[in-house]
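The values are calculated or read from the model by the stated rules, or taken from the named source; none is laboratory data. Here the structure is a predicted model, which means the values were calculated and not measured. Cβ: placed from backbone, ideal geometry, glycine included. Neighbour counts: every protein chain shown. Side chains are part of the model used for accessible areas, which takes the heavy atoms of the whole protein and leaves out ligands, DNA and RNA. Shrake-Rupley method; radii C 1.70, N 1.55, O 1.52, S 1.80 Å.
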Amino acid sequence: MALKTIAALAAIFLSTAVLADVQSLRGDKLDTMAKKPANMKIVNIKGGIERSFKLQPPMVPHEVDKYEINLKINGCMKCHSEDTYEKEKAPKVGESHYMDRDGKMLKSLSSRRYFCTQCHAAQMGADPLVQNNFQGAK
Ligand code: HEC
Ligand code: HEC
């Protein structure tokens, strides 16, 4: 029993020692802060951002900080809803956004798709931390 405890403690101690050696993408020391990219503004991209695969949630090609999403209002739906999209010249939310988990079409937005920015990310003009040669499916 006591031996087992000692072995377990040794294992924990060893694994933290190993973790301390992990190198951060930001640099060689875990306690250094990443440099703040000079240009930290959300970018507006006319015409939208190309998807990497068909069912990807498209990335948001505009600023989002002014649009609140809470229990009472969904700022995104001011432009992206069935009733407003034509006037605002915005793409309408996908049909899938009205579907519940059993595949039934609802009259209003499904709660599964309420928090837009959970899936749709706005973009900063920041350089990636490491090079990446991923290519989307065409
Ligand atoms: C004032 C109107 C307006 C509001 C509010 C708005 N959008 Fe948009 N959105 C647009 C317009 C217009 C476009 C099309 C831009 C273009 O293609 O040039 C767009 C494009 C998008 C796209 C890209 C769709 C695609 O198929 O490429 C996504 C995703 C999106 N918006 C998400 C959001 C989210 C999430 C919010 C809330 C945080 C939001 N929008 C709030 C007007 C709006
Ligand atoms: C759980 C993830 C998720 C959430 C939450 C979500 N979306 Fe989407 N969205 C997707 C996916 C995946 C697609 C692409 C496939 C599709 O249309 O279902 C998409 C597509 C879109 C499109 C493009 C539609 C088209 O026909 O090209 C717009 C615009 C959009 N979403 C806006 C929104 C807005 C606004 C909200 C919040 C009210 C929202 N989405 C919430 C996953 C999500």
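Quick check on region 37-46: of everything there that is assigned to a loop (DSSP other than H, G, I, E, B) and among the hydrophobic types (A, V, I, L, M, F, W, C), which residue is least open to solvent (accessible area, probe 1.4 Å)?
Here is the first cut: in region 37-46, the residues assigned to a loop (DSSP other than H, G, I, E, B) are 37-41, 43-46.
Then drop every residue that is not among the hydrophobic types (A, V, I, L, M, F, W, C), which leaves 38, 40, 43, 45.
Values: 38: 111, 40: 86, 43: 42, 45: 70 Å².
Checked region 37-46; the qualifying residue least open to solvent (accessible area, probe 1.4 Å) is 43.
Scan region 106-119 residue by residue and report those that are part of a loop (DSSP other than H, G, I, E, B) and surrounded by 15 or more Cβ atoms within 10 Å (Cβ to Cβ). Talk me through it step by step, then tell me what you get.
First, the residues of region 106-119 that are part of a loop (DSSP other than H, G, I, E, B): 106-110, 114-115, 119.
Matches in region 106-119: 109, 110, 114.
Within region 47-57, take every residue that is farther than 13 Å from residue 123 by Cβ and surrounded by fewer than 12 Cβ atoms within 10 Å (Cβ to Cβ) and give me the one that is farthest from ligand 2 (Cβ to nearest atom).
Filtering first and then ranking leaves 47.
Can you tell me which of (1) at pLDDT 95 or above; (2) within 22 Å of residue 45 (Cβ to Cβ) is the one residue 100 doesn't meet?
Condition not satisfied by residue 100: (2).
So, residue 69, is that one within 8 Å of ligand 1 (Cβ to nearest atom), of a type in the set (Val, Ile, Thr) and farther than 30 Å from residue 134 by Cα or not? So that I can check it myself, show each step before the final result.
Working: within 8 Å of ligand 1 (Cβ to nearest atom): yes; of a type in the set (Val, Ile, Thr): yes; farther than 30 Å from residue 134 by Cα: yes.
Yes: the conditions hold for residue 69.
In the set 115, 134, 53, which member is more than 8 Å from ligand 1 (Cβ to nearest atom), among the aromatic types (Phe, Trp, Tyr) and modelled with pLDDT of 95 or more?
On the way: 134 fails: modelled with pLDDT of 95 or more; 53 fails: modelled with pLDDT of 95 or more.
The match here is 115.
Exactly one condition in (1) open to solvent by 70 Å² or more (accessible area, probe 1.4 Å); (2) within 20 Å of residue 49 (Cα to Cα); (3) among the polar types (S, T, N, Q) is false for residue 123; which is it?
Going through (1) open to solvent by 70 Å² or more (accessible area, probe 1.4 Å); (2) within 20 Å of residue 49 (Cα to Cα); (3) among the polar types (S, T, N, Q) one by one, residue 123 breaks only (1).
Within region 36-69, which residues are more than 18 Å from the chain's Cα centre (by Cα) and free of Cβ contacts under 8 Å to residues at least 60 places away in the same chain? Even if it seems obvious, please write down each step before you answer.
Of all residues in region 36-69, those more than 18 Å from the chain's Cα centre (by Cα) come to 36-39, 46-47.
Correct list: 36, 38, 46, 47.
When the residues of region 58-96 are narrowed to those that are open to solvent by 100 Å² or more (accessible area, probe 1.4 Å) and within 10 Å of ligand 2 (Cβ to nearest atom), which ends up nearest to residue 40 (Cα to Cα)?
Let us first name the residues in region 58-96 that are open to solvent by 100 Å² or more (accessible area, probe 1.4 Å), namely 65-68, 71-72, 78, 83, 86-87, 89, 95.
Pick out the ones that are also within 10 Å of ligand 2 (Cβ to nearest atom) and you get 67, 78, 95.
Numbers: 67: 19, 78: 26, 95: 33 Å.
Of everything passing the filter in region 58-96, 67 is nearest to residue 40 (Cα to Cα).
Test residue 103 against the criterion of being open to solvent by less than 70 Å² (accessible area, probe 1.4 Å) and either within 15 Å of ligand 2 (Cβ to nearest atom) or under 16 Å from residue 80 (Cβ atoms) (or both), and give yes or no. Please lay out each step first, then the result.
Working: open to solvent by less than 70 Å² (accessible area, probe 1.4 Å): yes; either within 15 Å of ligand 2 (Cβ to nearest atom) or under 16 Å from residue 80 (Cβ atoms) (or both): yes.
Considered against the rule, which asks whether it is open to solvent by less than 70 Å² (accessible area, probe 1.4 Å) and either within 15 Å of ligand 2 (Cβ to nearest atom) or under 16 Å from residue 80 (Cβ atoms) (or both), residue 103 comes out as yes.
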